[in-house]
Amino acid sequence: MQDIINRFISYVTIDTESDPNSNTTPSTEKQWDLANKLVEELKAMGMQDVTIDENAYIMATLPSNVAHDVPTIGFVAHFDTTPDFTGANVKPQIVENYDGSDIVLNAEQNIILSPDYFEDLLQYKGQTLITTDGTTLLGADDKAGITEIMTAMDYLIKHPEIKHGKIRVGFTPDEEIGRGAHKFDVEKFGAEWAYTMDGSQIGELEYENFNAAGAKITFQGKSVHPGYAKGKMINSMLLANQFISELPINEVPERTTGYEGFFHLHDIHGSIEETVVELIIRDHNKDHFEARKALIQTIADKINTAYEKQFGGPICEAIVKDQYFNMREKVEPVFHIVEIAEKAMKELNITPIIKPIRGGTDGAQLSFKGLPCPNIFAGGHNFHGKYEYVPVESMVKATEVIVKIAELTAQK
């Protein structure tokens, strides 16, 4: 277990935060620091065909050790961390034999990880937890996944008595900003199917995700001295507020769960003359997803109709762009790949939790590029913030799942 702790900590202490405002791939130079480290480790452990391309996509091969034909499978994880919260200067804390009480992440700032708020903690009494120090995220999303894949490959190399087919490994940049699979060469990867190790709690197995789009709505205005503004001023910030108020009040992340979709306002900035609103649109159901996108335009049209004469033209512009789609339609025709993962978990006494992802993974885009790719737990909780933690035992179990999937796939 100590080896997996050491490996994980060596990864999370490297800052790999991605940047949605960058046009390069990877979006930040610092992602190369971990990418290059992973390449050297893959070579050192004995993986074959280790490559890293100009965009920092890493691929490697563990050759088959059986004589009969076995499908080539893959395991994929991403090495960037979200820009939602700082990933610089991560100082992991190890809590051994967790007793179910509050964990003081940062005494000076009174930052507490409490089971009173985060009830999932109580699942892990008696286990070893790795937490933040309360000032950064941890990076278990998805460096736990990378740790598990690397550890599993190292184990299989050292234990040739475990029979397996050809296994491909892929590590990607920029997943957190929705670009992780954009430049992933599926043909070069050469697997019949793959699994992303990018889920949360132990047992998660997911093959459904949101259909996703982003919307940018720009409102124009007219600035006039407020003392003489009647009938003349148009305040773009108030138009933005009017737009937001037209969205369904209960269809937001904090009021939805399961298969329920939402609109999520994540940025607003402006002045009297111009205000920009950015939001994301999510829904598992394709028809509902299209209806949500249509509603954005309907509200924009309504505002334009109301103000076009006064403004002298369109006052509101809505741009909606698709980001990724529900991989269910690509996975269901080859559902045995989910069943193999489910069987692997059951043989390891892990209860599978099969549920839709309220988000997206590289696997969603990869599935639509021809690589069906369900998602398996990596073990972490409370991603994208200072309360993030991961039970070490969950990382160990995820590693065992990878090994077991490889073993089951190779059985005649």
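The values are calculated or read from the model by the stated rules, or taken from the named source; none is laboratory data. Fair warning: this is a prediction, and the values are worked out from it, not measured in the lab. Note that we place each Cβ from the backbone using ideal geometry, even for glycine, and neighbour counts take in every protein chain shown. The accessibility values were calculated without ligands, DNA or RNA, using every heavy atom of the protein model including side chains. Shrake-Rupley method; radii C 1.70, N 1.55, O 1.52, S 1.80 Å.
Structure above, values below:
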| quantity | calculated |
| --- | --- |
| Among the residues listed as 110, 23, 65, 6, the single one being in contact (Cβ under 8 Å) with a residue 12 or more places away in the chain and out of contact with any strand residue (DSSP E or B) (no Cβ under 6 Å at 6 or more places or on another chain) | 65 |
| Some residue of region 115-124 being charged (D, E, K, R), within 20 Å of the chain's Cα centre (by Cα) and open to solvent by 10 Å² or more (accessible area, probe 1.4 Å) | yes |
| Candidate set: region 376-412, residues that are assigned to a loop (DSSP other than H, G, I, E, B) and basic (Lys, Arg); chosen: the one surrounded by the most Cβ atoms within 10 Å (Cβ to Cβ) | 386 |
| Options 254, 329, 317; residue that is assigned to a strand (DSSP E or B), closer than 30 Å to residue 181 by Cα and either touching a His at 6+ places or on another chain (Cβ under 7 Å) or open to solvent by 80 Å² or more (accessible area, probe 1.4 Å) (or both) | 317 |
| Selected residue [aromatic (Phe, Trp, Tyr), touching a residue at least 24 places away in the same chain (Cβ under 8 Å) and surrounded by fewer than 21 Cβ atoms within 10 Å (Cβ to Cβ)] from 207, 195, 155 | 155 |
| Checking residue 107 against (1) modelled with pLDDT of 95 or more; (2) small (Gly, Ala, Ser); (3) buried (at least 20 other Cβ atoms within 10 Å of the Cβ), the condition it does not meet | (3) |
| Qualifying residue in region 290-312 (condition: in a helix (DSSP H, G or I), aromatic (Phe, Trp, Tyr), modelled with pLDDT of 95 or more and out of contact with any helix residue (DSSP H, G or I) (no Cβ under 7 Å at 6 or more places or on another chain)) | no |
| From 186, 169, residue being of a type in the set (Val, Ile, Thr), within 25 Å of the chain's Cα centre (by Cα), open to solvent by 10 Å² or more (accessible area, probe 1.4 Å) and within 30 Å of residue 74 (Cα to Cα) | 186 |
| Scan of region 260-284 for residues that are acidic (Asp, Glu), assigned to a strand (DSSP E or B), open to solvent by 50 Å² or more (accessible area, probe 1.4 Å) and within 29 Å of residue 361 (Cβ to Cβ), ordered by number | 267, 278 |
| Residues being open to solvent by 40 Å² or more (accessible area, probe 1.4 Å) and among the polar types (S, T, N, Q) - total across region 1-23 | 5 |
| Pair list, Cβ < 6 Å and 6+ apart or interchain, from region 113-132 residues that are within 12 Å of residue 103 (Cβ to Cβ) and touching a residue at least 24 places away in the same chain (Cβ under 8 Å) to residues that are open to solvent by 10 Å² or more (accessible area, probe 1.4 Å) and hydroxyl-bearing (Ser, Thr, Tyr) | 113/387 |
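For every residue, the table says whether it meets (1) within 30 Å of residue 346 (Cβ to Cβ); (2) in a loop (DSSP other than H, G, I, E, B); (3) touching a Pro at 6+ places or on another chain (Cβ under 8 Å); (4) at pLDDT 95 or above.
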| residue | (1), (2), (3), (4) |
| --- | --- |
| 209 | yes, yes, yes, no |
| 212 | no, no, no, no |
| 216 | no, no, no, yes |
| 230 | no, yes, no, no |
| 238 | no, no, no, yes |
| 243 | no, no, no, yes |
| 249 | no, yes, no, yes |
